[in-house]
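The values are calculated or read from the model by the stated rules, or taken from the named source; none is laboratory data. Only a predicted model underlies this, so the values are computations on that prediction, with no experimental measurement involved. Ideal geometry is used to build each Cβ from the backbone, glycine not excepted, and the neighbour counts take in all protein chains shown.
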Amino acid sequence: MTEQFEPTIIGFTCNWCSYRAADLAGTARMKYAPNVRLIRLMCSGRLDPTFVLRALSSGADGVMITGCHPGECHYIEQNYKALRRYLLLQRVLKGLGIEPERVKLVWASAAEGARFASETTAFVEEIRKLGPLNWGKPVAELGNLQEEISKLEEVRA
Amino acid sequence: MSERIGVYVCHCGTNIAGTVDVVDVANWAAEKLKHQGVVIAREYKFMCSSLGQELIEKDIKELGLTRVVVAACSPHLHEKTFRTAAKNAGLNPYLVELASIREQVSWVHTDKAVATAKSKAVVSGAVSRVIENVALDEIKVPINANTLVVGGGIAGIQSALEIANAGFHVYLVEREPSIGGHMAQFDKTFPTLDCSACILTPRMVEAGTHPNITLMTYSEVVNVSGYIGNFNVTIKQKARRVKTDLCTGCGICQEKCPKKVIDNVYEAGLGYRKAVYTPFAQAVPNFPVMDVENCIYFKNGKCKACEKFCPTEAIDFTQQDELMDVQVGNIILATGYDLFDATRIPQYGYGKLPNVFTSLEFERMCNAAGPTEGKIVLRDMKTAPKTVVVVHCVGSRDENYNKYCSGICCMQSLKFAHLVMERTGAEVYNCYIDIRTPFKDYEEFYKRVLEEGGHFIRGKVAEITDAARLPEEEGKLIVQVEDTLIGKQRRIPADMVILAAGLEPRHDAKEVGKLFGIACGTSGWYTERHPKLDPVATMTEGIYIVGCVQGPKDIPASVAQGAAASARVLGKIFQKEVALEPIKASINQETCSGCRICNGLCPFNAIAFIADDMVSEINPALCQGCGTCVAACPAGAISGTGFSDGQIMAQIDGLLFRNLEPVEA
């Protein structure tokens with residue numbers, strides 16, 4: 001039997017709901033998959049889609065975006081903007097040849113520690129099925145990307 | 001400039017150290033993150049203790065640290081603690097970053113190797129991020145010394161009086177025509193059995209006449225804007241159709257009004273009021289309100305008896321709702337609870353079987369000023385019951401309705417048992433799941449009711465019917481219950497059943513919460529800042545919750561919370577100004593292209609377009625720091641302090657170990 005693939009996942013959380021849901025999962029000692037590493041934002045609306053691309057190109061196999069439920073945003077309606085960006089981002093990912101399922105949007109209120117835990121575990125399983133992304137690797141093999149770019153710029157000049 | 005970073009890994013006793021090899025994490029950070037500027041990495045039993053903080057302060061001073069990472073609990077718990085420690089040592093507090101390895105690692109994972117590896121990633125992310133942190137200064141804003149208290153029950157009254165007595169102004173807003181809340185409906189209060197009105201009404205009068213309290217009854221808050229220290233609140237004064245400057249509260253209008261209406265609020269449906277009414281005789285203020293839906297004049301244009309007989313011409317049929325704005329620095333929410341609707345449990349027959357009463361109906365019945373003048377009688381309003389069953393936990397501790405315990409119903413039921421025995425001599429059965437009497441003199445009261453001859457059956461009532469099987473059950477209510485102590489089913493024939501209905505969050509708690517920017521928990525009660533250490537504050541600065549809005553509680557607890565929140569508010573008022581988190585967005589006008597994409601994204605209208613310069617600008621007083629505009633700016637001209645692109649990108653790299661030095665092949 002081969003060793004099980006353990007994906008690395010970056011999770012973006014909202015300071016007001018999902019980060020607190022993660023805190024609640026902790027205080028309630030709920031167990032979930034250890035593959036997700038969290039980044040706290042003030043709001044899911046802060047999520048610049050390039051953060052997701054940076055994570056995927058730097059070695060993450062999946063990205064979980066979490067925010068307040070629709071209608072419950074701490075900043076009134078900014079989670080809807082996160083939703084819009086998420087939908088567009090999925091199209092971009094498809095265009096780049098990346099499974100859009102590698103990026104998932106989850107709503108979790110501050111009271112939903114259990115939901116946060118179960119969604120995290122479920123997402124880890126989904127990514128495990130998809131396998132490693134290895135996006136950053138080919139670039140690394142080419143050598144230093146910055147060097148390549150400056151070479152190109154020299155040629156252009 | 002290269003940074004000098006200190007990394008501090010907390011054991012949190014065994015909370016973290018039990019699952020994470022903290023020594024390994026600290027050693028790893030010292031070695032592998034050295035090139036990023038980590039000059040010291042320590043682990044300590046309790047970083048948040050004064051000794052732990054001193055350790056950090058000493059290092060900042062002696063080693064000249066320019067950045068600090070503390071790997072411990074959630075930033076929501078101790079971010080402030082460590083920021084203050086840094087400040088004490090002369091380091092800008094915003095150059096401290098917390099890595100949560102307790103809530104996000106040790107408490108949710110079990111495998112020590114995996115948890116240790118994840119902790120390293122989290123620490124690595126925090127180190128990379130902290131390098132990008134910039135020193136920030138707190139924004140100081142003045143605090144308006146006025147306070148808004150929403151809800152005029154005992155908790156709200158207590159809050160308002162404490163602040164008013166300290167010499168500051170309070171706006172006390174109440175939805176109903178009078179303050180008093182649920183406590184005004186009760187007859188006796190447990191466990192002392194002192195009369196509710198006797199202790200409450202002096203407080204009501206004091207609140208109503210206090211020079212520092214503006215009492216606004218029959219009013220509702222319709223809009224809240226601003227932030228701690230500077231809230232602008234719009235209050236709707238519903239049309240009373242009685243001019244309060246002329247009304248003397250003589251009560252002639254109520255006497256002359258020909259329209260009788262069932263009073264579903266104050267009398268819990270058991271009694272009547274008029275179409276122009278004060279809910280009860282000791283109402284504060286004592287000005288009546290007109291119930292337009294039931295008023296004969298508003299229905300068919302005739303009557304006006306009240307106007308005719310009013311000696312001061314205070315009746316005004318044309319009065320309209322009015323909106324008024326008030327400026328306050330702090331807001332206390334004391335909007336109370338709703339009683340569980342017993343018709344939701346059809347097998348208990350409430351609403352179909354006339355002699356099944358709710359606890360609130362029974363409270364009104366016991367009250368000497370109530371619809372029966374304190375006589376305990378059946379629905380026919382004359383027959384005294386010979387057997388009474390009190391059903392505990394109606395809608396509480398029940399998977400189908402509310403899982404939580406409503407707390408007060410055990411003592412309330414014991415009080416009912418005592419009152420029934422005292423006033424009617426009837427046999428009383430209490431059907432309970434558990435008797436819960438935890439506070440001062442409560443258990444003694446339970447003992448007293450036992451000694452008085454109350455029967456107690458441990459079992460949840462299955463159903464209440466009027467279908468008799470035996471001759472002695474004819475014409476009675478039959479309570480079917482399993483006595484779990486003897487393991488036998490019992491059918492108790494009774495004349496009267498009282499359902500000890502549980503407490504529920506107000507039906508509109510969610511909308512009201514949204515209005516004030518606070519959240520409800522799983523059961524619908526408002527969420528406090530900390531369940532143990534900060535039970536009256538909320539996650540929103542300047543908004544406090546007291547009484548049953550925070551969870552079911554009895555009168556002493558509600559009063560204690562009311563006073564506690566006032567102490568918090570007074571503390572803020574005495575500080576005169578408050579420091580706001582400097583997490584704000586700002587636009588670099590050099591790089592702004594004037595595309596205006598950001599303008600429509602801001603829900604707080606903080607972004608304005610300056611046509612002359614063709615650039616947008618953010619008003620820092622209105623900006624709440626969500627960062628949506630930062631993420632949207634196609635020119636990258638907007639930056640958000642505390643959560644900059646640089647910080648987040650660096651944290652991503654750090655979490656994925658992209659910050660580590662490449663290993664030589």
Inset, instruction - Only residues that are facing another protein chain (nearest Cβ under 8 Å) and in a helix (DSSP H, G or I): list them for region A:36-48, please. - result: A:GLY45, A:ARG46
Inset, instruction - Have a look at B:THR209, B:THR192 and point out the one that is within 25 Å of B:TYR442 (Cα to Cα) and not acidic (Asp, Glu). - result: B:THR192
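Of all the strands (runs of 3 or more DSSP E) wholly in region B:219-296, which have at least 2 residues that are more than 30 Å from B:ASN605 (Cβ to Cβ) and touching an Asp or Glu at 6+ places or on another chain (Cβ under 7 Å)?
Details: elements: B:219-227, B:230-237, B:260-263, B:271-274.
Here the list reads B:271-274.
Of the residues A:GLU112, A:GLU126, A:GLU99, which single one is farther than 30 Å from B:LYS112 by Cβ, of a type in the set (D, E, K, R) and touching a residue at least 12 places away in the same chain (Cβ under 8 Å)? Working first, answer last.
Numbers: A:GLU112 fails: farther than 30 Å from B:LYS112 by Cβ; A:GLU126 fails: farther than 30 Å from B:LYS112 by Cβ.
After ruling out the rest, the residue left standing is A:GLU99.
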Legend entry - Single unsatisfied condition, A:GLU3 versus (1) surrounded by fewer than 22 Cβ atoms within 10 Å (Cβ to Cβ); (2) in contact (Cβ under 8 Å) with a residue 60 or more places away in the chain: (2)
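Taking the conditions exactly as written (surrounded by 22 or more Cβ atoms within 10 Å (Cβ to Cβ), touching a residue at least 60 places away in the same chain (Cβ under 8 Å) and not in a strand (DSSP E or B)), does B:GLY208 satisfy them or not? Walk me through how you get there before you give the answer.
Details: surrounded by 22 or more Cβ atoms within 10 Å (Cβ to Cβ): no; touching a residue at least 60 places away in the same chain (Cβ under 8 Å): yes; not in a strand (DSSP E or B): yes.
Criteria not met by B:GLY208.
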Legend entry - Residue in region B:478-487 that is modelled with pLDDT of 95 or more, outside any strand (DSSP E or B) and under 30 Å from B:ASP338 (Cβ atoms) present: no
Legend entry - Of the criteria (1) at the interface with chain B (Cβ under 10 Å from one of its Cβ atoms); (2) in contact with a strand residue (DSSP E or B) (Cβ under 6 Å, 6 or more places away or on another chain), which one A:GLN78 fails: (2)
Inset, instruction - Taking the residues in region B:500-523 that are out of contact with any His (no Cβ under 9 Å at 6 or more places or on another chain) and part of a strand (DSSP E or B) as candidates, determine which candidate is nearest to the other protein chains (Cβ to nearest Cβ). - result: B:CYS520
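Pick from region B:529-540 the residues that are out of contact with any Phe, Trp or Tyr (no Cβ under 8 Å at 6 or more places or on another chain) and part of a loop (DSSP other than H, G, I, E, B): which of them is surrounded by the fewest Cβ atoms within 10 Å (Cβ to Cβ)?
First pass over region B:529-540, keeping only residues out of contact with any Phe, Trp or Tyr (no Cβ under 8 Å at 6 or more places or on another chain): B:529-535.
Filter once more, so that each one left must be part of a loop (DSSP other than H, G, I, E, B): B:529, B:531-533, B:535.
On the way: B:ARG529: 18, B:PRO531: 12, B:LYS532: 6, B:LEU533: 9, B:PRO535: 19.
Filtering first and then ranking leaves B:LYS532.
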Legend entry - Subset of region A:62-75 [more than 29 Å from B:LEU622 (Cβ to Cβ) and more than 10 Å from chain B (Cβ to nearest Cβ)]: A:GLY62, A:MET64
Legend entry - Matching residues in region B:482-503 - criterion: being buried (at least 22 other Cβ atoms within 10 Å of the Cβ) and touching a Gly at 6+ places or on another chain (Cβ under 7 Å): B:ALA501, B:GLY502
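Tell me, which residue of region A:51-98 that is of a type in the set (Val, Ile, Thr) and modelled with pLDDT of 90 or more is farthest from B:ALA121 (Cα to Cα)?
Kept after step one, since they are of a type in the set (Val, Ile, Thr), are these residues of region A:51-98: A:52, A:63, A:65-66, A:76, A:92, A:98.
With modelled with pLDDT of 90 or more added as a condition, the list becomes A:52, A:63, A:65-66, A:92, A:98.
On the way: A:VAL52: 18, A:VAL63: 16, A:ILE65: 19, A:THR66: 20, A:VAL92: 28, A:ILE98: 25 Å.
Checked region A:51-98; the qualifying residue farthest from B:ALA121 (Cα to Cα) is A:VAL92.
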Legend entry - Positions within region B:519-528 being surrounded by 21 or more Cβ atoms within 10 Å (Cβ to Cβ) and touching a residue at least 24 places away in the same chain (Cβ under 8 Å), in sequence order: B:TRP525, B:TYR526
Legend entry - Which listed residue, of B:GLY329, B:GLY374, B:GLY395, B:GLY351, is in the same structural domain as B:ALA184 (by TED's automatic domain parsing) and either in contact (Cβ under 8 Å) with a residue 24 or more places away in the chain or over 22 Å from B:ARG448 (Cβ atoms) (or both): B:GLY329
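Select from region B:121-172 the residues that are among the basic types (Lys, Arg) and either surrounded by fewer than 24 Cβ atoms within 10 Å (Cβ to Cβ) or more than 14 Å from chain A (Cβ to nearest Cβ) (or both) and list them in ascending order. Lay out the reasoning, then the answer.
First pass over region B:121-172, keeping only residues among the basic types (Lys, Arg): B:129, B:140.
Hit for region B:121-172 is B:LYS140, nothing else.
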Legend entry - Considering residues of region B:647-664 that are of a type in the set (A, V, I, L, M) and modelled with pLDDT of 85 or more only, the residue farthest from A:ALA55 (Cα to Cα): B:LEU660
Inset, instruction - Specify the residue that is nearest to the other protein chains (Cβ to nearest Cβ); the eligible residues are those in region A:18-31 that are within 30 Å of A:ILE76 (Cα to Cα) and either part of a loop (DSSP other than H, G, I, E, B) or within 12 Å of the chain's Cα centre (by Cα) (or both). - result: A:MET30
Legend entry - Test: residue in region B:49-59 that is in contact (Cβ under 8 Å) with a residue 24 or more places away in the chain, farther than 22 Å from B:PHE657 by Cα and polar (S, T, N, Q): yes
Legend entry - Checklist (1) within 14 Å of chain A (Cβ to nearest Cβ); (2) of a type in the set (D, E, K, R); (3) without any contact (Cβ under 8 Å) to a residue 40 or more places away in the chain applied to B:GLU541, failing item: (3)
